[in-house]
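> Take this structure first; my questions come after.
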Amino acid sequence: RKYLERRDIDLSRPLIATIPVAFQHDDGERRLVGNRLSNLFTSLATHIDDPVERIRAIHHNTCVAKSTQASMGIETLQAWTEYLPPKPYTLGLKLYSGLNVANWHRSPANVIVSNVRGPSQPLFVSHQRLKALYSVGPVLEGMGLNITAWSYAGELYVAMLANADVIDNPAELMDLLPTALAEIVDTTTTLSGGPRAAA
């Protein structure tokens, strides 16, 4: 929100995030390669100034999105794609990209946000401890940003991949994340009258 404010961008409409959601079949089969993913769409409530109210709105919107997805079935999106003929589908994607069609319609989401639970214990390669764990996801057509967070050995590592046509200074945006988190912690601490609620 602060990043958009600095650029005098209209904040009356919230940004929409698409969140990849991994799922596994319940048949007990072990997955050896690849991911089975669906998507969840939710508002980031960037139109709300108060940080606590913003978090509450995001929580509410995400719960509604999860409920909707559960009623439809988490595998629905992937199941639909299996009915698409491969060659026409691939050709359609190439035309969509080559003709810059994404520039002519409103994107269903503005940003991809993903979090992955990594190992709780440190990893070692040839007796050398892995210090940090970062990864990035794709920036899709019509979307400006991908934010991916990994937990690892009690720490959280966040990486951003940005579309230079949309995000002119991703480092500035990354630098604002600790400030935004501190604002939320400070506000919740003040409201609760102590540091416990901030945890």
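The values are calculated or read from the model by the stated rules, or taken from the named source; none is laboratory data. All figures in this text were calculated on a predicted structure; none of them were measured in a lab. With ideal geometry, Cβ positions are generated from the backbone for all residues, glycine too; neighbour counts draw on all protein chains shown. Areas reflect the complete protein model, heavy atoms only, side chains present, ligands, DNA and RNA absent. Shrake-Rupley method; radii C 1.70, N 1.55, O 1.52, S 1.80 Å.
> Quick check: is even one residue across region 123-146 open to solvent by less than 50 Å² (accessible area, probe 1.4 Å), at pLDDT 90 or above and part of a strand (DSSP E or B)?
Yes, some residue in region 123-146 is open to solvent by less than 50 Å² (accessible area, probe 1.4 Å), at pLDDT 90 or above and part of a strand (DSSP E or B).
> Quick one: which of Arg36, Arg13, Arg6, Arg54 is of a type in the set (Lys, Arg), at pLDDT 90 or above and open to solvent by less than 70 Å² (accessible area, probe 1.4 Å)? Don't jump to the end; show me each part of the working.
Values: Arg36 fails: at pLDDT 90 or above; Arg13 fails: open to solvent by less than 70 Å² (accessible area, probe 1.4 Å); Arg6 fails: open to solvent by less than 70 Å² (accessible area, probe 1.4 Å).
Unique residue meeting the criteria: Arg54.
> Looking only at region 113-122, count every residue that is open to solvent by 100 Å² or more (accessible area, probe 1.4 Å) and not polar (S, T, N, Q) and tell me the total. Steps first, please.
So in region 113-122, the residues open to solvent by 100 Å² or more (accessible area, probe 1.4 Å) come out as 115, 117, 121.
So of that shortlist, the ones also not polar (S, T, N, Q) come out as 117.
Count: 1.
> Taking region 137-193 as the region of interest, how many residues are in contact (Cβ under 8 Å) with a residue 12 or more places away in the chain and either under 26 Å from Arg117 (Cβ atoms) or within 14 Å of the chain's Cα centre (by Cα) (or both)?
Within region 137-193, residues that are in contact (Cβ under 8 Å) with a residue 12 or more places away in the chain and either under 26 Å from Arg117 (Cβ atoms) or within 14 Å of the chain's Cα centre (by Cα) (or both) number 34.
> Consider only pairs whose beta carbons are under 8 Å apart and that are at least six residues apart or on different chains; among these, list those whose first residue lies in region 54-74 and is closer than 15 Å to Ser38 by Cα and whose second residue is at pLDDT 85 or above and not hydrophobic (A, V, I, L, M, F, W, C).
If the second residue must be at pLDDT 85 or above and not hydrophobic (A, V, I, L, M, F, W, C), the pairs left are Thr62/Thr42; Ala65/Thr42.
> Take region 150-181 and flag every residue that is small (Gly, Ala, Ser) and either under 13 Å from Val111 (Cβ atoms) or at pLDDT below 90 (or both). Full working, then the answer.
Filtering region 150-181 down to residues small (Gly, Ala, Ser) leaves 151, 153-154, 159, 162, 164, 171, 180.
Of everything in region 150-181, those that are small (Gly, Ala, Ser) and either under 13 Å from Val111 (Cβ atoms) or at pLDDT below 90 (or both) turn out to be Ala162, Ala164, Ala180.
> Then there's this: List every residue pair whose Cβ atoms lie under 7 Å apart, where the two residues are 6 or more positions apart in sequence or sit on different chains, the first residue falls within region 117-134 and is closer than 11 Å to Gly154 by Cα, and the second residue, located anywhere, is open to solvent by 70 Å² or more (accessible area, probe 1.4 Å).
Within 7 Å, the pairs are Pro122/Arg129.
> Can you tell me which of Ser67, Ser114, Ser107, Ser71 is polar (S, T, N, Q), modelled with pLDDT of 65 or more and assigned to a loop (DSSP other than H, G, I, E, B)?
On the way: Ser67 fails: assigned to a loop (DSSP other than H, G, I, E, B); Ser114 fails: assigned to a loop (DSSP other than H, G, I, E, B); Ser71 fails: assigned to a loop (DSSP other than H, G, I, E, B).
Within the list Ser67, Ser114, Ser107, Ser71, the selection yields Ser107.
> Take the residues of region 147-174 that are at negative phi and assigned to a loop (DSSP other than H, G, I, E, B): which is least open to solvent (accessible area, probe 1.4 Å)?
Filtering region 147-174 down to residues at negative phi leaves 147-152, 155-174.
Filter once more, keeping what is assigned to a loop (DSSP other than H, G, I, E, B): 163-169.
Details: Asn163: 47, Ala164: 83, Asp165: 144, Val166: 88, Ile167: 24, Asp168: 107, Asn169: 63 Å².
Within region 147-174, the match that is least open to solvent (accessible area, probe 1.4 Å) is Ile167.
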